[in-house]
Amino acid sequence: MTVPPPAAGAEPADQGGSAVSGVDLVGLLGAVAVSANESRDPDRALHETIRHVCDFTGWPVGHAYLVGPEGLLAATPAWQAHDDDSIDAFRTVSDEVPLPMGVGLPGRVVADRRPAWIVDVASDANFPRSALAAAAGLKAGFAFPVLVGRDVVAVLEFFCREPVEPDARFLEVIGHLGRQLGQVFERERATADLSASEARTRQILDSAGDAFIGLDSAGLVTAWNEQAEAIFGWTRDEALGQRVADLIIPDEYRAAHDDGMARFLATGEARVLGQRLELSALRKSGECFPIEITLWAISGPDGWSFYSFARDITQQKAAAADLAFRALHDDLTGLANRTLVVDRLEQALARGARSGLHTAVLFVDLDRFKVVNDSLGHAAGDQLLQAAGHRIRHAVRPADTVGRLAGDEFLVVCENLEDAADATRVAERILSVLSEPMDLDGDHVRLDASVGIALDTALVTTAADLLREADAAMYRAKEHGRGRFEVFDERMRDRILNRLRTERELLACLERDELRLHYQPIVTLPEGRVVGVEALVRWQHPVRGLLPPGEFIPLAEETGMIVPIGTWVLEEACRQAQIWEARGCHGLTLSINLSARQITQSDFVKNIAAIVEGADLDPGRVRIEMEVTESLLMADPEAITATLAEIRNLGVSLAIDDFGTGYSSLAYLKWFPIDTVKVDRSFVSDIDTDPRERAIVQSVVDLGHALGLSVIGEGVETESQRAELAAIGCDLAQGYLFARPGPADTITPLLLRG
């Protein structure tokens, strides 16, 4: 559909590919302004503007229409298309078929007198050329009007080959191009009418959107339109016959103006004629303000005459300054954003390399911010971040740069340091001011922070390296108790290198066939008959030997490698189950752990179905059971419950692992589509010595049985623990008392014996 520009203040969409969010808008405006000034006719200006827009945005196709009577749009020869052959049909129809007002992308622009955007022209109901656009491979399109006053005199449209969401800031700025082009049309009209009729000239100039000023060779005002009255404050009668320098030129620039006039009259040369200039001007009230002005000269029987169009660009300059500020600063706190901090850091490192002094980065992360945000609300959280940013900024030295990365993370760049001690003193001041209670609308909140410090060295000379090391030091500070700072050192560097090395090796472990499955039996109580196994992954590292899950599963979760590893575990476990089934191990339950990363994949259930179907296991002989942790269930109960229901529909059983360690209660058991509850080892370990632990496990067992669920006690290591579980009616158990996890060939004899 056709999408109008978003409302002012709306954030642009996150875009890639042919997105326009990264376009050099200032450069584009400048290029079009120069072309418009240099173009003596609208056709040339249209061609040049289309070329500039395509070059700056990277959009390959651009075209211009002229607006005729009753808003009917007729094509012009102004085209830009890097691949003419592919759009021949689209171009032919565009050239031959006029568009009424309101029809298609250009017609919409004429009707609304503002830029418009279509995310995908091939599927837009109000785009008559959609079929031809689809055949030409065109997708997103935008168009903007060329305005003379409030009249649309032309429309420029542009297309790219990808669907792209509208960008509010881009459309706001691109609208200025239409006004710049409108001045070309306006100048053409003005020039023609000046030679035809003075009265007609006066009428046109008074209706122009810009101030029009005429001068004679003595610098006296000969023309002064209504917009000039509005902008400068002088009426036409007051201005005519007066020296323009005395009316609108500030004192400090009048001598330069007079010298320029005299030089032109003597030599006929002037650098400013025909150029669009930004100058300071003076109102009748004495206020100075910025204008954008275009000057030209005409030689006549009575000598030279000078003319100019000028506009007040106070708002435009303010908008540009605001746009530049927003691009480099955090909206919430007003602090520098990551882009500006990195730029300042790179400059500081370059200066330090010349001076021999050091630069440090302090990575500040607020402790317990999430607790405040969740308990008091996001408005209080925003207020807290603003207060924290204010305190940090006043705790550092005046020349230091303070920025906010995201969330509750702040950065400080300190330069001209003698050694790390200078940076630690800054960190101490930051921790001190942040620890003072903050009043959030009556709620007094005390926050600590963790600060990581990294100092440039002979080994670390880039901004990226320094930021990474400061981040690592901050996490080390959190590990050591929070509310403190840590300075990055060689030990941390070794830890990072080891982690990166492990990450690289983990990415290749599947290709090198280094993963192994161990199985731990699950037995009945009180008989001790083996009725199932839990599949547990191990990594046969070529150097470090056999690694338990704790050595690599957290990293796999973080990097996303847990998804292919989880798929391998399920496939390998099903393959082994086929072998056991063939050897007569019937009635076996095969338990497999699921991770949060796996279960949130869009194709997760589909992949499980394919693997289970491919294994061709007899459900009466081998039952597959997926284990999910309690904390995973509580992360998003509704969504997780729906996914679990799909898994159960495949004939796969479900179990809650580590029950009791998360955030749920016994009452939640009835909501989830599960078959088994596994009581965490932390409760089982003291069941024979602590009556409270025994009561908790008894409650889980009783409720589980009431809901028709099986209950497994995990981590059974002693006979007395086994006896207590059996006494309270627990169905199953697993732990070192029965067997340690081992390869399939060591577990198979246990299964065969039952």
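The values are calculated or read from the model by the stated rules, or taken from the named source; none is laboratory data. What you are looking at is a predicted structure, and each value in this text was computed from that prediction instead of being measured. All Cβ positions, even for glycine, are placed from backbone atoms using ideal geometry, and neighbour counts span all protein chains on display. Quick note on the areas: whole protein, heavy atoms, side chains included, nothing else; ligands and nucleic acids left out. Shrake-Rupley method; radii C 1.70, N 1.55, O 1.52, S 1.80 Å.
Across the protein chains, with a 1.4 Å probe defining accessible surface, the residues Arg623, Arg129 rank Arg623, Arg129 from largest area downward. When you filter the GluC sites (Glu not before Pro) in the stretch 518-560 for DSSP loop state and at most 15 other Cβ atoms inside 10 Å of their Cβ, you are left with Glu527.
Heavy-atom surface analysis with a 1.4 Å probe gives the chain a carbon and sulfur content of 51 percent of its accessible area. Shown here for the stretch 377-437: GluC sites (Glu not before Pro) in loop regions (DSSP other than H, G, I, E, B) with at most 10 other Cβ atoms within 10 Å, namely Glu418. In the context of the full set of protein chains, the stretch 475-547 has a per residue accessible area of 55 Å² (1.4 Å probe). Length gained on full extension, Glu96 to Leu376, computed as 0.36 nm times the residue gap minus the Cα-Cα distance: 94.5 nm. For Val487, Val445, the ranking by accessible surface with the largest value first comes to Val487, Val445, using a 1.4 Å probe.
For the chain, averaging the sequence separation of C-alpha pairs within contact (under 8 Å, six or more residues apart) and dividing by the residue count gives a relative contact order of 7 percent. For chymotrypsin sites (Phe, Trp or Tyr not before Pro), the sites in the stretch 668-754 that DSSP calls loop and that have at most 12 other Cβ atoms within 10 Å are Trp671, Tyr736.
Label separation (Ala399 vs Arg583): 7.4 nm, computed from points 7 Å beyond Cα along the C-beta direction.
How big is the antiparallel share of DSSP beta bridges in the chain, given as a percent to the nearest 5?
Beta bridges within the chain, antiparallel portion: roughly 75 percent.
If the segment from Asp41 to Gln242 were pulled out straight at 0.36 nm per residue, it would be longer than the present Cα-Cα gap by 69.1 nm.
Calculated from the alpha-carbon coordinates, the stretch 404-463 shows an Rg and a Dmax of 14.7, 50 Å respectively. Here Lys670 is the anchor, and the lysines within straight C-alpha reach of less than 25 Å, apart from those fewer than 8 places off in the same chain, are Lys678.
Using equal-weight Cα scatterers in the Debye expression, the normalised intensity of the chain in log10 at q = 0.05, 0.08, 0.11 Å⁻¹ is -0.46, -0.94, -1.22. With every protein chain in place and a 1.4 angstrom probe, the accessible-area ranking of His541, His480, His358, largest first, reads His480, His358, His541. Summed over the residues of the stretch 386-451 and divided among them, the accessible surface reaches 45 Å² per residue at a probe radius of 1.4 Å. Any chance you could check the Cα centroid distance between the stretch 698-754 and the stretch 581-647 for me, in angstrom? Cα centres, the stretch 698-754 to the stretch 581-647: 20 Å. The distance between label points at Arg491 and Ser21 comes to 4.1 nm (points 7 Å beyond Cα on the Cα→Cβ vector). Between helix 25-38 and the chain there is an angle of about 20 degrees, using the helix long axis and the longest principal axis of the Cα atoms.
Considering only Gln316, Pro743, Val364, the residue lying farthest towards the positive end of the dipole of the chain is Pro743, judged by Cα position with unit charges set on Cβ.
Computed with a 1.4 Å probe on the full set of protein chains, the accessible area for Glu503 sits at about 60 Å². Compared with the dominant principal axis of the Cα atoms in the chain, helix 198-207 is inclined by about 20°. Between the stretch 539-571 and the stretch 358-430, the alpha-carbon centres lie 36 Å apart. Relative to the longest principal axis of the Cα atoms of the chain, helix 637-648 runs at roughly 60 degrees. Solvent-accessible surface of the stretch 43-104, taken per residue with a 1.4 Å probe and all protein chains present: 46 Å². Exposure check, 1.4 Å probe, all protein chains in place: Thr462 carries approximately 60 Å² of accessible surface. Expressed as a whole number of Å, what is the distance separating the alpha-carbon centroids of the stretch 45-65 and the stretch 293-326? Value for the Cα centre distance between the two parts: 24 Å.
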